[in-house]
1. Could you list, in sequence order, the residues of the stretch 144-194 that are closer than 13 Å to S205 by Cβ and assigned to a helix (DSSP H, G or I)?
2. Could we say that I167 is open to solvent by 10 Å² or more (accessible area, probe 1.4 Å) and out of contact with any strand residue (DSSP E or B) (no Cβ under 9 Å at 6 or more places or on another chain) here?
3. Filter the stretch 1-55 down to residues that are of a type in the set (S, T, N, Q), modelled with pLDDT of 70 or more and assigned to a helix (DSSP H, G or I), then give me how many there are.
4. Please enumerate the residues belonging to the stretch 137-164 that are closer than 15 Å to L99 by Cβ and β-branched (V, I, T).
5. State whether the residues of the stretch 196-219 include one that is closer than 16 Å to P147 by Cβ, open to solvent by 60 Å² or more (accessible area, probe 1.4 Å), in a helix (DSSP H, G or I) and of a type in the set (D, E, K, R).
6. Return yes when L224 is assigned to a helix (DSSP H, G or I), open to solvent by less than 30 Å² (accessible area, probe 1.4 Å) and more than 25 Å from G73 (Cβ to Cβ) and no when it is not.
7. With (1) at pLDDT 90 or above; (2) in contact with a helix residue (DSSP H, G or I) (Cβ under 6 Å, 6 or more places away or on another chain) as the list, and F172 as the residue in question, which single condition is left unmet?
8. Can you tell me which condition E245 does not meet? The list is (1) at pLDDT below 90; (2) in a helix (DSSP H, G or I), and all the others hold.
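The values are calculated or read from the model by the stated rules, or taken from the named source; none is laboratory data. This is a predicted model, so every value here is computed, not measured. Every residue, glycine as well, gets a Cβ built from its backbone with ideal geometry; the counts of neighbours run over all protein chains shown. Side chains included, ligands, DNA and RNA excluded: accessible areas come from the protein's heavy atoms. Shrake-Rupley method; radii C 1.70, N 1.55, O 1.52, S 1.80 Å.
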Amino acid sequence: MPASILAVEIRDELYSIIREPTAAVFSIAMPVGMFALFATLFGTEASGSVSGATLMLATFGAFGVISVALTPGIGIAEDRERGWLQVKRVSPVPVRTTLAAKVVASLPVAFGVYAAMSLTAFAMGLFDTDIGTWLQIAGLLLLGSLPFALLSMAVGFVARGRSAPAIINAVFLPMAIAGGLWMPLEALPAFVQDLAVWLPTYHTSQLGLGLLVGESIVDNIAALFAATAVTASLAAIAYRSMRAE
């Protein structure tokens, strides 16, 4: 695909994400607001030499990045409903370019959410990591969001525009809670703790936590690769179903 066409598609998708009120509130403002609230309440509690607010950059950071990564599926469902994807099939711009642009355009927005949380921790005097580790966490969170972007696309290929956000949130929010993105797993029932290790939300947050506390993240990366393979398969099946309509 020509780089200039992809760049134009990415620009248009980026504008649509920023201009969409629902996406701005639920994918951007809500995660940052929740981080600010929990960092104020529990951010001074330290684990070793790392403050609670900094540790929350891994958990709430994962929540914020994944929330943005789920927006492509909503856009796809809306484009399907208004017939825009059918138009793309006969336009000079391939459909695959438009789909790729939706995912790529979400990345800078997701990074912005993570950066806003980090600025909040810095303003509170509770930012306890170096810039190198901070950037590594950002990169890992963005990579960890890939299976969720694919999952959202799978929903977008088969769901209606108005139902897609409800379906995506119905899947994601329980996974966020059970995966320990909002509160420590130790505070949750034992059966939820057992379930967490099977959830990609848990493994995404563990990428950042592992870097901050010096633990291995190899198993978490392997689990996310497996999750990506599953959601990629679901997206491919849903895409073929959409093409057959």
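1. G144, F148, M175, A176, I177, A178, L185
2. yes
3. The qualifying residues number 5.
4. Matches in the stretch 137-164: V155, V158.
5. yes
6. It is false that L224 is assigned to a helix (DSSP H, G or I), open to solvent by less than 30 Å² (accessible area, probe 1.4 Å) and more than 25 Å from G73 (Cβ to Cβ).
7. Unmet condition: (2).
8. (2)
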